[in-house]
Amino acid sequence: MATIGIDIGGTQTRIALVENGIIQQQQRMKTDTENPERHLQAVLEIIATFAAEYTAIGVSCPGPLDLQTGTILTPPNLPGWHYFPLVAYLSEKSQTEVKIDNDANCAALAEAVLGAGKAHEIVQFMTVSTGIGAGLVIHQQIFSGAHGLACEVANVIVDDTNTVEGNTIQGSVERIGSGTGIYRLALQSGLPVKTTADVFRLAEQGNPQAYELLEYVSDKLANFLASLQGIIDPSVIVIGGSVALHNPNFVEKIGQKMRKRVYPTVQPYLNIVIAECGDAAGVLGAALLAK
């Protein structure tokens, strides 16, 4: 039987009817970041046009979330949704069971069940995109931790000498390794860039500043992933997100550096791969969550 996946992003929301891991019907719409009730009503109107029955609804949403109550807490890109009881509201309006998890966990679930990690029992996922996210899936079940906050890694410190300032903690993996972080560091270095992609382009063209910046970032991401490998001992590490997917050589470099940072007995088991589900990971994971 089919389920509904809803992937709520800061810019767009994707809604899909999914059966046996395959998207049967889908639509996208602009996310109303200020009025969740109005937005979810529009989502339900789209679901009503799907030409098949479904058993439950799964929602992928930026965190932080209270998974026990199904409440959205304080995602910065959804300012009007703070402390909104999404599960209670949507289940009442749809008269259907609703489950929710954060976007990185849902993407991790999709990769573990349908994507690059489907042949593995313990899948550690990391997304390198606008931000940094992660998810751990064990035997095709999301590991949420004691408070639903497992793998909330954005503020893990990887460089306590870094002087970047902002809403995230100084020297955090998100502040350094995300697309936003790379772009910010490039501007501070005086590089003539307008996007994160420009940094990678300049490095490929031999610009020494851009090259050294990406060496620094890849060092910190390699250290971070080596720590995860040593603590979790996953069967595979799957790396997704727009920065990673558009720069596979960068991911390969991170893997090469990471191999030098893990304990020697761990090295034979190190397995790093690129994500396969692409931008459908969130909505597929949400649909799997609802099963």
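The values are calculated or read from the model by the stated rules, or taken from the named source; none is laboratory data. These numbers come from a predicted model, not from an experiment. Cβ: placed from backbone, ideal geometry, glycine included. Neighbour counts: every protein chain shown.
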I'm trying to understand the selection: among the residues of the stretch 13-36, which are more than 26 Å from P75 (Cα to Cα) and among the charged types (D, E, K, R)? E19
What's the total number of residues in the stretch 49-65 that are modelled with pLDDT under 95 and either of a type in the set (D, E) or under 19 Å from the mean Cα position of the chain (by Cα) (or both)? 5
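One line per residue, one yes/no per condition, for (1) under 25 Å from E276 (Cα atoms); (2) surrounded by fewer than 14 Cβ atoms within 10 Å (Cβ to Cβ):
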position: I4; (1), (2): yes, no
position: D7; (1), (2): yes, no
position: Q12; (1), (2): yes, yes
position: E19; (1), (2): yes, no
position: A52; (1), (2): no, yes
Go through the stretch 200-216 and give me each residue that's surrounded by fewer than 13 Cβ atoms within 10 Å (Cβ to Cβ) and either touching an Asp or Glu at 6+ places or on another chain (Cβ under 6 Å) or part of a loop (DSSP other than H, G, I, E, B) (or both). Q205, G206
Being in contact with a strand residue (DSSP E or B) (Cβ under 6 Å, 6 or more places away or on another chain) and within 24 Å of V137 (Cβ to Cβ) narrows it down to one residue among S235, S227; which is it? S235
Among residues of the stretch 120-139, those that are in contact (Cβ under 8 Å) with a residue 40 or more places away in the chain and farther than 21 Å from T196 by Cα, counted: 7
Do we find a residue being buried (at least 18 other Cβ atoms within 10 Å of the Cβ), of a type in the set (D, E) and not in a loop (DSSP other than H, G, I, E, B) anywhere in the stretch 89-102? yes
Filtering the stretch 236-273 down to residues that are small (G, A, S) and assigned to a helix (DSSP H, G or I), which residue is nearest to Y216 (Cα to Cα)? G255
Pull up the stretch 9-19, narrow it to residues that are modelled with pLDDT of 95 or more and out of contact with any His (no Cβ under 8 Å at 6 or more places or on another chain), then point me to the one that is nearest to L90 (Cα to Cα). I15
Return a yes/no flag: does the stretch 217-235 have any residue that is in a helix (DSSP H, G or I), closer than 21 Å to A112 by Cα and in contact with a Leu (Cβ under 7 Å, 6 or more places away or on another chain). yes
When the stretch 140-164 is examined, which residues are found to be assigned to a strand (DSSP E or B) and in contact (Cβ under 8 Å) with a residue 60 or more places away in the chain? I142
